[in-house]
1. Take ILE34, ILE4 and order them by how many other Cβ atoms sit within 10 Å, fewest up front.
2. Once you place label points 7 Å from the Cα toward the Cβ at PHE2 and VAL60, how far apart are they in nm?
3. Can you give me the angle between helix 14-24 and the longest principal axis of the chain, using Cα atoms only, in degrees from 0 to 90, rounded to the nearest 10?
4. Can you list the lysines whose alpha carbon is less than 24 Å from that of LYS7, not counting same-chain residues fewer than 8 positions off?
5. How far apart, in nanometres, would the label points at ARG31 and ILE67 be if each is projected 7 angstrom from Cα along the Cα-to-Cβ direction?
6. Rounded to the nearest 500, what is the chain's calculated 222 nm mean residue ellipticity when only DSSP H runs of at least 4 contribute -39500 (n - 2.57) each, over all residues?
7. If I model a spin label at ARG19 and THR51 as a point 7 Å from the Cα along the Cα→Cβ vector, what separation in nanometres do I get?
8. Once the convex hull of the C-alpha atoms of segment 13-67 is built, how many Å³ does it hold per residue, rounded to a whole number?
Amino acid sequence: MFNIFEKEGEAMAEESKVRFLFRKVEHLGLRSSIEALKALETTDTGVTYTTAANHIATAVSELPEVIS
């Protein structure tokens, strides 16, 4: 989706991409990771989409249903 916007000359802002990612993650086991990223976003210089996605991917790999 982001590539389509960019191709059409309407690239989404990095902050919009991150907020979109936060809204789309619904797994209860990832809620704490999302909240930590939200806190980091407000206290730090910001969180990039790539950083947030990598953090969430790491959290997904540690979920019990993925490990088993």
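Please treat every number below as a calculation from the coordinates, not as lab data. Keep in mind that this is a model prediction, so the values were computed, not measured. A quick note on method: Cβ atoms are made from the backbone with ideal geometry, for glycine too, and the neighbour counts reach across all protein chains shown.
1. Result, fewest neighbours first: ILE4, ILE34.
2. 1.4
3. 40
4. Within the straight-line cut-off, LYS7 pairs with LYS17, LYS24.
5. The answer from the label model is 2.0 nm.
6. Calculated at 222 nm, the ellipticity per residue is -20000 deg cm²/dmol.
7. For ARG19 paired with THR51, the spin-label model returns 1.8 nm.
8. On the way: hull volume 3.7 nm³, N = 55.
Measuring per residue, one finds 68 Å³ for the Cα hull of segment 13-67.
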